Every structure is written in C-alpha cells, then in structure tokens.
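Heads up: the structure comes next, in structure tokens.
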Amino acid sequence: MPFRALGLEANILKAVQEAGYTEPTPIQAAAIPQILLGHDLIGIAQTGTGKTAAFVLPILAKLAGLIKPDQRHPIRCLVLAPTRELVVQIEENVRAYSKHLPLRMATVYGGVSERPQIQALRNGVDIVVATPGRLMDLMQQRQCDFANLSFLVLDEADRMLDMGFLPSIRQIVKALPQKRQTLLFSATLSKEIESLTHEFQRSPKTVQIGRRSNPAETVTQLIYEIPKHLKPGLLIHLLKEPKMDMVLVFSRMKHSADRIARSLESSGIKTATLHSNRSQNQRLRALKDFKSGAVRVLVATDIAARGIDVDGISHVVNYDFPMHAEDYVHRIGRTGRAQAVGDAISFVTPEDHGTLRSLERFIGRGIVRKRAEGFNYNVPAPAFDTSGDRERRPQRAPRQSHGHAPSSGNRAGGNQGSRSGQSSRGSSGGNWRPR
Ligand code: AMP
C-alpha cells in the first residue's frame, strides 16, 4: 500500500518521501486511518515498528488543517514519553515530518535548564513533547496553557508506569480538556495499561502489531554459555569480527557499564556509555558519537537505552542477561529495526539458566546456543571476584513477565532464589521505582 492511500496531505507526503520511506509499516497502515477518523487508539507495538510516525503523521495532518501561519500557536498536542532520549527522538521525527508545515514545537525534559523551555512555551508552540516530571514542574509554575489542546499521546506507556510516572500523568491529564483525542502506545497490553486506557480514553480502537511481546522476526538470536569471569574476554573476542560494526551492549548496572567500557577502551575499541549517572549532555554526546560511527560500541543500561532510535545497529549484546523477559524483548528490539537484519547475542552464566528457561517459554521458542571459535574457555576464574558486583544485584520488586498483575508471581526466572522478593530500591537501582 502506498502512503498516498492513507489520506495524508501533500506536504506531509513530501516529507515522508524525503525521509526515504516508500511504504507505511504495518502499525502505520493500521493506525493512521483510525487516528484520521478521530478515534482514540491503543497501539501495541515495539520500538522499531515505525510507531512514532504512526501517531505523528496523522496528528500533523489534523493540525495542518487548524493552523494558519500568522496566528498565535496555542498548545494543541502533548506527547508524553518516559525518557529524555525518547523525547529527543520524537522531536526529531516531528521536525522531519513537519518540515513543510508552519508548525512549532518544544521539548520539555529534566536535567537541563528550565529557562529555554519556558521561553519556547511563552513564544507559542503547537506541539509539546515532554517527560512527565519536568512538565509537572512547569505546570506548577503556570507555564503551560492547555485550553486549546486536542491531542494527547502517551508513548511507551508501559515504561512510564514502570518508572512510577502514573501520579504525574494523572495530574497532567486532569489539566487537559476532556474533549480531545487520546492515543496510547505500549509494547505490551497489561492489566495496568488496560486500566489506564479506561481512565484516559473513550471507546479506543486497538491496533496490535506482531505477537504480544514477541521479538522482531528479523533478529537472529544466539546464546553463549560462559562463566562470569570470561565475559570481558569473550566480548573483546567477538568484537574482532568486522561485521560487528555498530554494537549496543547492555549491562545491568551503571558501574558495570563503566567497567565494560574501560575494558573495551583498553583493548583499543572506541566505546561510549549511556546511563543515568551521566549528564544530559554526556548522554546526548554518547548517542551522537554512536550514531555517527565515531564510536563503534555503546554500553547502556536498560532504562537509559529505552526507546533509543538508532538506525543500523548491527548487534545487540546482552552482556548481563536481563532479569525479565520484557527487558530482553525491548533490548533486542534495538536491532532488526524496520526490517534490517540484526543479531542479538546473550552471555548466559550458570546463574542465569532459570531466567533463560522462563524467557524461552515466554517467547515461545528455544534460542540457539553457540560456542565462540578460537576463544579460550579454559582461563581459570580469579581467586577473588574482581568484578565488584558480587551481591550487588539490582534490587527490583518481582515483576511479572506477562499479565503484569503485581501480586501474582510467574515472573521470568522464577527459580532465582535470593534475587526475588526485594522491593526496595538499591543505591545502584537506576531510575526504577517500585510499583
Ligand atoms: P520507531 O518504531 O518509531 O522508533 O521507528 C523505527 C525506525 O523506523 C525509525 O528509524 C524510523 O525512521 C523508521 N521508519 C518509520 N517509518 C518507516 C517507514 N514507513 N519505512 C521505513 N522506515 C520507517
């Protein structure tokens, strides 16, 4: 189906063409007509499916009909997203698709000065893309007038709930006109997401792409079973393969992300890190260097990497195996984006085996085990654990892998003994907050 058939206006089609898109992705083909008809929408789709354009394009089409170049620009559309990185990416999308329209936009997120954000809002903007925390701050300072708002988008709603944003979202929505179109996107349709849709939407249509929580078909998945002390060496060994030219490495914790980066750098492999201890500028810089190819490897924690939109990632490496099946699906969704083929490699230590079995049940298939050719598996373990992360597992409340009812177990890796049942947040626990 060509984009033309979706009923988008000429200036938007032109921008889409300039972005190099020839056909709408499945989520775009399904969602755009419903949004243009004025329906509320629940979009169940992972990052990488083209979901951003699925909501941005029809909203721009509707706004284009409302806006005259010379008028003031009251806020007509608010997009809420969980992280600064995702806000910046949505901004890039909006700017690209609206380049032939007289629209203005602003981004609102924490970690940087409020002043330019307030100034932009005062100058008038049609579209605001924001994280809930900073937006609440600006609303409390009476810097946002939502009287003319017609569109609300909750992007990556599941992650916003995970990060504890529900109270802020509720307060923000209270300040919006009741008569509006509300679009909600989430990677999974959990009970919490369903109750959110009842709270904020009216008779929404649901569009679901792919099997729930299923990794993209284009990603080849492989597992290397190794003891923990061999992980640094195996990563360096695998990176000798020239095909691994744009590699996203996931670590469980911030301090181990830094350690991995140091070990790669000392082997001459250019590496950047992305985690919440880094300043906003450092994070944007890391992403920029990775996108431009100035560094070949980006080491990130789950929250920091959430929603990052980088084309051409050749490999995702789960250096630390994720604790939850959903995280696995999100992580490997960074590669194989928009049909490019990518590889997802996971290091699995003996203590990860329970989690791995649960994951394989969750995604409905086994993952191929591989041995690294030419790698010395016989290096003995050091007498002391020098990794520094012994007994420092992230302290997260048990989370269900599917279904999401917080009180009824069955989370991935149900046989992990001491790892389960910890509900307080450790000092190294990232942005996660107990639900
Ligand atoms: P998203 O799921 O919104 O993060 O989009 C994933 C990637 O797909 C982004 O890099 C988009 O630029 C790209 N993309 C979005 N729509 C299309 C399309 N119709 N054809 C090709 N690529 C697209």
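The count of lysine pairs in region 3-208 that are at least 8 places apart or cross chains, and whose C-alpha atoms lie under 21 Å apart, stands at 13.
In straight-distance terms, cross-link reach from residue 270 covers every one of the lysines whose alpha-carbon lies under 28 Å from its own, apart from those fewer than eight places away in the same chain; here that gives 228, 231, 240, 243, 254, 288, 291, 370.
Taking every C-alpha pair closer than 8 Å and separated by at least 6 residues, the mean separation divided by the residue count of region 3-208 gives a relative contact order of 29 percent. Largest to smallest in accessible area, the residues 231, 62, 243 fall in the order 243, 62, 231 (1.4 Å probe, all protein chains included).
Rolled with a 1.4 Å probe across the full set of protein chains, the surface gives residue 194 an accessible area near 80 Å².
When the Cα centres of region 342-367 and region 15-43 are compared, how far apart do they sit, in Å? So the separation of the two Cα centres works out to 33 Å.
If R0 is taken as 60 Å, the Cβ-Cβ distance between residue 365 and residue 71 corresponds to a FRET efficiency of 0.65. The listed residues 369, 334, 252 rank as 369, 252, 334 when sorted by accessible area, largest first, using a 1.4 Å probe. The accessible surface of region 1-127, taken with every protein chain in place and a 1.4 Å probe, is 50 percent carbon and sulfur. Counting only protein chain heavy atoms and rolling a 1.4 Å probe, the accessible areas of 88, 112 rank, largest first, as 112, 88. Annotation for residue 377 and residue 229: the two label points, set 7 Å from Cα along the Cα-Cβ direction, are 1.7 nm apart. Per residue, the solvent-accessible area of region 72-202 (1.4 Å probe, heavy atoms of protein chains only, all protein chains present) comes to 39 Å². For a test of the definition: using alpha carbon positions, the gyration tensor, and the 1.5 limit on a/c, classify region 1-83 as rounded, prolate or oblate. Because a/c hits 1.5 or more and a/b fails to exceed b/c, region 1-83 counts as oblate.
Rolling a 1.4 Å probe across all protein chains gives residue 205 an accessible area of roughly 80 Å². Given a 1.4 Å probe and the protein chains as shown, residue 150 ends up with an accessible area of around 30 Å². Its relative contact order, with pairs defined as Cα atoms under 8 Å and 6+ residues apart, puts region 192-292 at 15 percent.
The values are calculated or read from the model by the stated rules, or taken from the named source; none is laboratory data. Bear in mind that the values here come from a model prediction, so they are computed numbers and not experimental data. Neighbour counts are summed over all protein chains in view; Cβ atoms, including those assigned to glycine, are modelled from backbone coordinates with ideal geometry. Remember, those area values only see protein heavy atoms, side chains included, never the ligands or the DNA or RNA. Shrake-Rupley method; radii C 1.70, N 1.55, O 1.52, S 1.80 Å.
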